[in-house]
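Peer 1: Below are the structure tokens for one structure; questions will follow.
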Number of protein chains: 2
Amino acid sequence: MTLETEFVAQGPAAPRRPAHLTPLPLRSAVLHPESSLGRWQDLNGAATIPHCVENLEATGTIANFRRLAEAGENGPEGAFAGPWFADTDLYKTIEAMGWEIGRSGTDAWTPWLADLAGLMEKTQAEDGYLNTYVQGVEGQERFAHPDFTHELYSAGHLIQAAVALHRGSRDERFLQIGRRVADFVVKLDDGKGNPIIDGHPEVETALVELYRETGEQDYLTAAERQIDRRGHRSLEPGRFGSLYYQDHLPVRENTEAIGHSVRQLYLAAGATDVYLENGDETLLRAMEKLWRSAFGTKMYITGGHGSRHRDEAYGDPFELPPDRAYAETCASIAAFQWGWRMLLATGQAHYADEMERALFNGIAASTSHTGKAFFYSNPLQLRTGHEGSDEDSPSERLPWYGCACCPPNIARLIASLQGYTATGTAGALQLHLLHAGTYSTDGLSVTVETQYPYDGELVIRASGSGELSVRIPAWAVGATASGVELVAGEYFKTRIEDGEELRISLPMNATLVRADDRVDAVRGCVAVLRGPLVFCVEQADLPEGVVVEQLHLDPAAPITTETTEGDVAPVRLRLTGVVRALEPALYTTLPARTEGSAIEFTAIPYNAWANRGPGAMRVWLPVR
Amino acid sequence: MTLETEFVAQGPAAPRRPAHLTPLPLRSAVLHPESSLGRWQDLNGAATIPHCVENLEATGTIANFRRLAEAGENGPEGAFAGPWFADTDLYKTIEAMGWEIGRSGTDAWTPWLADLAGLMEKTQAEDGYLNTYVQGVEGQERFAHPDFTHELYSAGHLIQAAVALHRGSRDERFLQIGRRVADFVVKLDDGKGNPIIDGHPEVETALVELYRETGEQDYLTAAERQIDRRGHRSLEPGRFGSLYYQDHLPVRENTEAIGHSVRQLYLAAGATDVYLENGDETLLRAMEKLWRSAFGTKMYITGGHGSRHRDEAYGDPFELPPDRAYAETCASIAAFQWGWRMLLATGQAHYADEMERALFNGIAASTSHTGKAFFYSNPLQLRTGHEGSDEDSPSERLPWYGCACCPPNIARLIASLQGYTATGTAGALQLHLLHAGTYSTDGLSVTVETQYPYDGELVIRASGSGELSVRIPAWAVGATASGVELVAGEYFKTRIEDGEELRISLPMNATLVRADDRVDAVRGCVAVLRGPLVFCVEQADLPEGVVVEQLHLDPAAPITTETTEGDVAPVRLRLTGVVRALEPALYTTLPARTEGSAIEFTAIPYNAWANRGPGAMRVWLPVR
């Protein structure tokens, strides 16, 4: 599908009614192909998306459509394969293709997409309903178990895919399928005039995106009704209770991040999307409180969310164990997407700070250097002797999962990543993610040259003139622009003229960070950060005979930075501390404590761990 | 059922072929009725067992039998109620009654038991099979899903109940039902000559107990075959994998405590029982290694086992979060039962030390002062703001649970508790649990007067002469007998003459204990112990405006003991430390740390927590 002429398509979540910030059109931000994120985008298009397609074939996810589309008089042959929400893994892959076509102009998937559109058209019911689990498994009835069957979640991902494909390639065929699904959702009610809500939020943000793409007010109204209906315990509570699906309190009253973390964060993104379009301040106020709970009391330093394996859920405030961090990849992606919407709604830099934290740590760690293996859960610690046979917390990235929500979620995010970097209106540009690339708006285009996040020097060259705002991260105390000190945690706003070169310097010294006393699980420990990157110590970097658990950092010792090439991580840190002998007893009466012998050891970016085989790792280091 | 004449019945797990130690007959140990455990036994008989009966009626567990016993030609009416293993809650209650009748001679349950025997006789199939779930739910087939249906687990609890009732009351009717079930199990195979094993071990120890009670060798052989068969992946791996049921490695090779902790510990008790009867040293060696893994790397300081909520399982070594401690009540009970068997097998004091730790902490904490409310999970920390709606980790004890395994398990343990206190042969007595009571063997009877575990003074008076061994706990460094220093962690063995009075003095100063460095979750913290009791700080004891999370203990400050009467806890400790202001940010660059102001605060025994309403609590206290 070669693009014959240029057209202006929107990126992710561009409001029809911009509040503070206006996203750039999809092609107005281009990440430099040699930058770390630019390379990831290429890897995503060349490796991850094709890997998803292969696995969707291999696991029968596509066959679920084929068996319905090709069903004869006696109904479909063979059995439905995979979990009941399997369709959505396919939809997210299609969404990734939509963004990737928009980004790179590839036509590699044109025949595949056409085939698939055919299967979906044949599978979709007269009234727009489409779900290969409910349609393809005997005894299933539509919306008999909305707590469980993910039917609207699935509809949402189909709509998102249709929107992305329309934006990326002007494809009308999927958009029609998506609209028919959405039209069905618009009319759907529980027989008492209430909308049916789904155990897994997602359709909210999808409906708003479709409203943005089509201008059809009904879709926004349907999203508003989803938000208003949730929290009235209309869903069966199930094994984990109503709060698992955030159905225990109305959205405007539920100000503690709770329950299944991906559901909570998708819901928050949807509620913020509704605010962005209808301006309902009660929603924004609730979302600001919810943000403070999630990011102020329940977030891992890597930008991970969700500390419980049992129900993939948020824990109590400050319950943030590094070893049992669930920190699902999808939760960090959802947090990033919510952060973008809050940023658009308020223009406040701290939202972009958190997007950056998640992107370079929790999200980046999920994917191997091959682009073909993934973590579902992203712990901040793996012990020597970890039992890695559990699929939720393997010792290494796996190529695919029985519940394969994460890999295609990464694919769709990375393919659209440039859309989250900058905003702008005529003559004014705002740079949020400080990455090498070109960012353009009417009358002003800037090229950013930098090795950020590995280096703190940014050279920004203007073509055209206007107002330029650059986010100075909160950690970047002492940042300067051409020698003048800047305020960290705010946007540096300046006028830039055609041909002018602006040099921004962010301090990239390694810093030691500790957690609130109430985060019991990391008491007496520090995390080592450099710029936006969280570092970790991996067994692979330790001398023989020393295990990660023996290390204690000397917080007063200097930390040196080493750059490496062609290696698993472009930057490493050299730390100093002691190695303590392992203890003979689980519990000992005070005092009795060995001091240990001196050692220097290496830390690598957390996002690069587990690329050299399985082994122990830790982010939080005990202080000597 | 009044006992017409005296008879000699065995207590729990008395080997036919004693290895090192020989349990006393059931009635040869009597806990003093005013002692803490004696009072608990009375409360158990008066409150807990009747409470179980009420709830078994209310939840339909007994009705499951009634509907099958009274089924007409068209099959049973109404629906099966409760989880598929509901029968076992009833069996454990009957077991508790058996022990309690043996202990107190009560005849309060005679008609109820006769009714129930009638129902069970009617329900039991011709061939001995009995399971109201499989027999009572349409479409269920025997042993179609042994990974899941708990059919042998259920058979085991029925057998255990029959044995206890026979020991306690010479009841033959239940024993016949139990034997018919066991005879069925003896013949059961998978069609290829292999025994079928169950997803939940329990039948192993039950079969050995029935062998002990009847002398029927087939039952021991069936238990041996269960042990030999496990670990060959004959069970469907299911959601949590083969290791969840310890089916991943043969019992003699599986030396890491792993998977569902209650299953692991019941299995270990069963394997040790088999060793006790057949003397197979390969089993004992494996159990010793498994013990070191469980008690040396995976046990909470309260004697709790299992750190994961997801699958009620052991975590990795040293993964012992206090807040998400699962520490199921049943796991501590199982650990206690396994410890008894290892003690009998080896005579080593450390096994009794661990029984004591579990009994006075993990197990004792499970039950409220009313005897009618219970914890299923026994965390070592509850945060301010804990979301307590989750049934596995409520903020307060609940009267009953959907999965109600714990309350009747407590009932059966406490009713038989005196059976675990001492062992002996003619002219020789060994005291393991140092509690007020009378312990008798041929030719020697001793009465122990003490307030232990609240006080360290023991006065032991002999009637008759012989050899007396008294366990000196490992923590009791500096213990003396009539002024002579004793070796902690060993048995003090002495000759005692008729009328002689032996005074043993155990040091009861509060001590601070820290965990192995690798227990990351409690780094920088200490636990306060006094004697065998672990203490905790509860919100209820703090001044207004101070929350538990603000406390930091001064480890150098003296600790004073206060005794109280008619209160929630007979002993309290006064500690000194600082209160730190709550921090404004989740993550902070070093240094920046508030020092706090001085405070004295109270700690109570962990086993007494949550008897004054819900509220924050912690065992591990950060050190100033």
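Peer 1: I'd like to know if the stretch B:162-170 contains one or more residues that are open to solvent by 30 Å² or more (accessible area, probe 1.4 Å), in a loop (DSSP other than H, G, I, E, B), basic (K, R) and modelled with pLDDT under 95.
Peer 2: Looking for residues that are open to solvent by 30 Å² or more (accessible area, probe 1.4 Å), in a loop (DSSP other than H, G, I, E, B), basic (K, R) and modelled with pLDDT under 95, one finds at least one in the stretch B:162-170, hence yes.
Residues are listed down the side, and each one gets a yes or a no for (1) modelled with pLDDT of 95 or more; (2) within 14 Å of chain B (Cβ to nearest Cβ); (3) in a loop (DSSP other than H, G, I, E, B):
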residue: A:K372; (1), (2), (3): yes, no, yes
residue: A:G385; (1), (2), (3): no, yes, yes
residue: A:D392; (1), (2), (3): no, yes, yes
residue: A:S395; (1), (2), (3): no, yes, yes
residue: A:Y401; (1), (2), (3): no, yes, yes
residue: A:A411; (1), (2), (3): yes, no, no
residue: A:I414; (1), (2), (3): yes, no, no
residue: A:T423; (1), (2), (3): yes, no, no
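Peer 1: Considering each residue of the stretch A:456-513, count those that are β-branched (V, I, T) and part of a loop (DSSP other than H, G, I, E, B), and give that number.
Peer 2: Going through the stretch A:456-513 one residue at a time, the tally reaches 2.
Peer 1: Could you say whether any residue in the stretch B:421-428 is within 30 Å of B:Q539 (Cβ to Cβ), touching a residue at least 24 places away in the same chain (Cβ under 8 Å) and surrounded by fewer than 17 Cβ atoms within 10 Å (Cβ to Cβ)?
Peer 2: No - not one qualifying residue is present in the stretch B:421-428.
Peer 1: Let me ask another. If you check B:E562 against the conditions, is it more than 30 Å from B:L444 (Cβ to Cβ), away from chain A (no Cβ under 14 Å) and at pLDDT 95 or above?
Peer 2: no
Peer 1: Next question, about the same structure. Could you say whether any residue in the stretch A:272-280 is outside the structural domain of A:E538 (by TED's automatic domain parsing) and closer than 30 Å to B:P322 by Cβ?
Peer 2: no
Peer 1: Right, something else. Inspect the stretch B:94-105 for any residue being open to solvent by 30 Å² or more (accessible area, probe 1.4 Å) and closer than 23 Å to B:A9 by Cβ and give the result as yes or no.
Peer 2: Yes, because at least one residue in the stretch B:94-105 is open to solvent by 30 Å² or more (accessible area, probe 1.4 Å) and closer than 23 Å to B:A9 by Cβ.
Peer 1: Same structure, new question: Regarding the stretch B:113-128, can at least one residue be identified that is open to solvent by 30 Å² or more (accessible area, probe 1.4 Å), outside the structural domain of B:F375 (by TED's automatic domain parsing) and among the hydrophobic types (A, V, I, L, M, F, W, C)?
Peer 2: Yes: one or more hits.
Peer 1: Then there is this: Which of the numbered conditions does B:T421 fail, given that it passes all the others? Conditions: (1) closer than 28 Å to A:L586 by Cα; (2) of a type in the set (V, I, T); (3) in contact with an Asp or Glu (Cβ under 7 Å, 6 or more places away or on another chain).
Peer 2: (3)
Peer 1: I would also like to ask the following. State which residue is farthest from B:A521 (Cα to Cα) when the search covers only the stretch A:519-530 and only residues that are of a type outside the set (A, V, I, L, M, F, W, C) and surrounded by fewer than 24 Cβ atoms within 10 Å (Cβ to Cβ).
Peer 2: A:R530
Peer 1: Hey, among the residues in the stretch B:204-243 that are in a helix (DSSP H, G or I) and within 14 Å of chain A (Cβ to nearest Cβ), which one's surrounded by the most Cβ atoms within 10 Å (Cβ to Cβ)?
Peer 2: The extreme case among them is B:L243.
Peer 1: Here's another thing I want to ask about it. Can you confirm whether the stretch B:280-295 contains a residue that is buried (at least 21 other Cβ atoms within 10 Å of the Cβ), more than 25 Å from B:H145 (Cα to Cα) and within 10 Å of another protein chain (Cβ to nearest Cβ)?
Peer 2: Within the stretch B:280-295, one or more residues are buried (at least 21 other Cβ atoms within 10 Å of the Cβ), more than 25 Å from B:H145 (Cα to Cα) and within 10 Å of another protein chain (Cβ to nearest Cβ).
Peer 1: Of the residues A:E501, A:E449, A:E490, A:E467, which is closer than 21 Å to A:E354 by Cβ, of a type outside the set (V, I, T) and open to solvent by 40 Å² or more (accessible area, probe 1.4 Å)?
Peer 2: The unique qualifying residue is A:E490.
Peer 1: Taking the condition open to solvent by 10 Å² or more (accessible area, probe 1.4 Å) and aliphatic (A, V, I, L, M), does A:L398 pass?
Peer 2: yes
Peer 1: Here is a follow-up. Hey, does the stretch B:347-370 have a residue that's touching a Cys at 6+ places or on another chain (Cβ under 7 Å), in a helix (DSSP H, G or I) and of a type outside the set (G, A, S)?
Peer 2: no
Peer 1: If I ask for residues that are at the interface with chain B (Cβ under 9 Å from one of its Cβ atoms) and polar (S, T, N, Q), which ones from the stretch A:305-354 would you list?
Peer 2: Result: A:S307, single match.
Peer 1: Taking the conditions exactly as written (of a type in the set (V, I, T), in a strand (DSSP E or B) and in contact (Cβ under 8 Å) with a residue 40 or more places away in the chain), does A:T447 satisfy them or not?
Peer 2: no
Peer 1: Return the residues of the stretch B:377-392 that are open to solvent by 10 Å² or more (accessible area, probe 1.4 Å), touching a residue at least 40 places away in the same chain (Cβ under 8 Å) and hydroxyl-bearing (S, T, Y); say none if nothing qualifies.
Peer 2: Across the stretch B:377-392, the qualifying residue is only B:T384.
Peer 1: Scan (1) out of contact with any strand residue (DSSP E or B) (no Cβ under 8 Å at 6 or more places or on another chain); (2) more than 14 Å from chain B (Cβ to nearest Cβ); (3) hydroxyl-bearing (S, T, Y); (4) open to solvent by less than 10 Å² (accessible area, probe 1.4 Å) for the single condition A:Y300 breaks and write down its number.
Peer 2: Of the numbered conditions (1) out of contact with any strand residue (DSSP E or B) (no Cβ under 8 Å at 6 or more places or on another chain); (2) more than 14 Å from chain B (Cβ to nearest Cβ); (3) hydroxyl-bearing (S, T, Y); (4) open to solvent by less than 10 Å² (accessible area, probe 1.4 Å), the odd one out for A:Y300 is (2).
Peer 1: Just need a number here: residues in the stretch B:598-614 that are of a type in the set (A, V, I, L, M, F, W, C) and within 14 Å of another protein chain (Cβ to nearest Cβ).
Peer 2: Summing the residues that are of a type in the set (A, V, I, L, M, F, W, C) and within 14 Å of another protein chain (Cβ to nearest Cβ) in the stretch B:598-614 gives 0.
Peer 1: Now, a different point. Could you grab me the full set of residues in the stretch A:471-507 that are away from chain B (no Cβ under 14 Å) and touching a residue at least 40 places away in the same chain (Cβ under 8 Å)?
Peer 2: A:R471, A:I472, A:E490, A:Y491, A:I496, A:E501, A:L502, A:R503, A:I504, A:S505, A:L506
Peer 1: Looking only at the stretch B:531-558, count how many residues are away from every other protein chain (no Cβ under 12 Å) and under 19 Å from B:T602 (Cβ atoms).
Peer 2: 17
Peer 1: Follow-up. Exactly one of (1) on the phi > 0 side of the Ramachandran plot; (2) modelled with pLDDT of 95 or more is unmet by A:W620. Its number?
Peer 2: (1)
Peer 1: Another one. Restricting to the stretch A:615-624, give me the number of residues that are within 13 Å of chain B (Cβ to nearest Cβ), surrounded by fewer than 21 Cβ atoms within 10 Å (Cβ to Cβ) and of a type outside the set (K, R).
Peer 2: The total comes to 2.
Peer 1: Working carefully through the options B:T594, B:T588, find the one that is β-branched (V, I, T), closer than 27 Å to A:V528 by Cα, free of Cβ contacts under 8 Å to residues at least 60 places away in the same chain and open to solvent by less than 40 Å² (accessible area, probe 1.4 Å).
Peer 2: On inspection, the qualifying residue turns out to be B:T588.
Peer 1: Given the conditions (1) more than 26 Å from A:L553 (Cβ to Cβ); (2) facing chain A (nearest Cβ under 8 Å); (3) among the aliphatic types (A, V, I, L, M), report the number of the one that B:V526 does not fulfil.
Peer 2: (1)
Peer 1: Check whether at least one residue in the stretch B:496-519 is among the small types (G, A, S), more than 30 Å from B:F318 (Cα to Cα) and at pLDDT 95 or above, and report yes or no.
Peer 2: Looking for residues that are among the small types (G, A, S), more than 30 Å from B:F318 (Cα to Cα) and at pLDDT 95 or above, one finds at least one in the stretch B:496-519, hence yes.
Peer 1: Could you grab me the full set of residues in the stretch A:54-83 that are hydrophobic (A, V, I, L, M, F, W, C), crowded, with 19+ Cβ neighbours inside 10 Å and touching a residue at least 24 places away in the same chain (Cβ under 8 Å)?
Peer 2: A:L56, A:I62, A:F65, A:L68, A:F80
The values are calculated or read from the model by the stated rules, or taken from the named source; none is laboratory data. All values reported here derive from a predicted model rather than from experimental measurement. Cβ coordinates were reconstructed from backbone atoms using ideal geometry, including for glycine residues, and neighbour counts include every protein chain displayed. Note: accessible area is taken over every heavy atom of the protein model, side chains too, but ligands, DNA and RNA are not part of it. Shrake-Rupley method; radii C 1.70, N 1.55, O 1.52, S 1.80 Å.
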